[in-house]
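Comments concern the structure below.
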Amino acid sequence: MSEVPAAEPSVESGPSATRRERLRINEIFHSLQGEAESVGYPTVFVRLTGCPLRCQYCDTAYAFHEGEWLELEAILDRVAAFATRHVCVTGGEPLAQPACRALLARLCEAGHAVSLETSGALDIDRIDARVSRVVDVKTPGSGEAARNRLENLALLRPQDQVKFVICSREDFDWSRALVAAHDLTRRCQVLFSPSYTELPAATLADWILAERLPVRFQLQLHKVLWGDVRGR
C-alpha cells in the first residue's frame with residue numbers, strides 16, 4: 001500500500017499554546033528550475049516526504065519515506081538562507097501533508113515567487129492564489145492514470161501549468177485527446193515532456209509538430225545539465 005507521512009504530534013508549551021504546524025521534509029536545495037514556466041531560474045526546492053502514487057518512471061522514490069519533521073519557521077529560515085526569489089514546493093506529493101497549504105502561503109508572504117508541483121491526484125483547491133500550480137496529469141504509461149482527479153482541470157488558471165510525461169505514442173494520443181476534451185490550452189499552459197529513459201526527445205518534438213499541437217515541448221533542464229542526480 002502507498003504511504004504518506006504519519007501525522008506529527010502536536011507540540012505545545014503552556015496551557016494556552018496552539019499547535020505549531022510541521023511538515024516532514026525530505027530535502028531543501030538550491031538549483032536551476034528544470035521545468036515549467038520558470039525554467040532556468042535559480043530556485044530553492046522544498047521537497048516534502050511521502051506520496052500516495054507509485055509512477056513507474058518516478059525519479060524521486062527516495063522521497064517516499066526519508067525525511068525530518070520541521071516547523072514552518074525552520075523551513076522558512078532555511079529557504080531564506082539561499083537569498084533566492086523563486087521557490088518550488090515539490091515531492092513526493094506535497095499536498096499529501098495538510099500543512100503544505102500553510103507553507104505555500106507563508107512563502108508567498110515572505111515575498112517569494114512560489115510554484116507547487118503536484119501529481120493532480122489530490123484536490124488543488126484552497127491553495128494561496130499567488131502560487132503557480134504545476135499539475136502533472138498521469139498518462140497510461142505512468143501506471144497511475146486511474147488516480148487522476150479530473151475535477152482539478154476546471155480549477156486551472158492562466159498562471160498554472162498542466163504537464164504530461166509522455167512514455168509512448170499511446171501516451172501522446174491519449175494526452176492529445178484529453179487536452180482537447182477539456183480545452184486545456186485555453187485554460188493554462190500545457191507542457192509535454194518525454195519520459196527521460198523511455199522516449200527520445202526528438203520523437204516527441206516531431207509528433208507535436210506533425211499534429212500542429214499548441215503545447216509547449218519541454219526537457220528536464222537539470223537532467224540535461226547534470227544527469228539524473230539527487231539534489232539537482
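The values are calculated or read from the model by the stated rules, or taken from the named source; none is laboratory data. Predicted, not measured: the structure shown is a model, and the values here were computed from it. Reconstructed Cβ throughout: ideal geometry from the backbone, glycine too, with neighbour counts over all protein chains shown. Surface accessibility is based on the protein's heavy atoms, side chains included, excluding ligands, DNA and RNA. Shrake-Rupley method; radii C 1.70, N 1.55, O 1.52, S 1.80 Å.
Here are some notes:
- Residue tally, condition assigned to a loop (DSSP other than H, G, I, E, B) and among the β-branched types (Val, Ile, Thr), over region 80-114: 1
- Search result, residues across region 101-120 that are under 15 Å from the mean Cα position of the chain (by Cα) and buried (at least 22 other Cβ atoms within 10 Å of the Cβ): LEU103, LEU104, VAL114, SER115, LEU116, GLU117, THR118, SER119, GLY120
- Only listed residue being open to solvent by 50 Å² or more (accessible area, probe 1.4 Å), of a type outside the set (A, V, I, L, M, F, W, C), out of contact with any Cys (no Cβ under 9 Å at 6 or more places or on another chain) and closer than 30 Å to LEU199 by Cα, chosen from ARG126, ARG149: ARG149
- Being over 30 Å from LEU199 (Cβ atoms), free of Cβ contacts under 8 Å to residues at least 12 places away in the same chain, open to solvent by 70 Å² or more (accessible area, probe 1.4 Å) and among the small types (Gly, Ala, Ser) holds for only one residue in ALA74, ALA83, and it is ALA83.
- As a summary of the residue check, ARG47 satisfies the conditions (1) at pLDDT 95 or above; (2) of a type in the set (D, E, K, R); (3) open to solvent by 50 Å² or more (accessible area, probe 1.4 Å); (4) closer than 26 Å to SER195 by Cβ except for the one numbered (3).
- Hey, LEU191 in a helix (DSSP H, G or I), within 28 Å of THR43 (Cα to Cα) and either open to solvent by less than 20 Å² (accessible area, probe 1.4 Å) or at pLDDT below 95 (or both) or not: no
- Of the listed requirements (1) modelled with pLDDT of 95 or more; (2) loosely packed, with under 14 Cβ neighbours inside 10 Å, GLN159 misses just one: (2).
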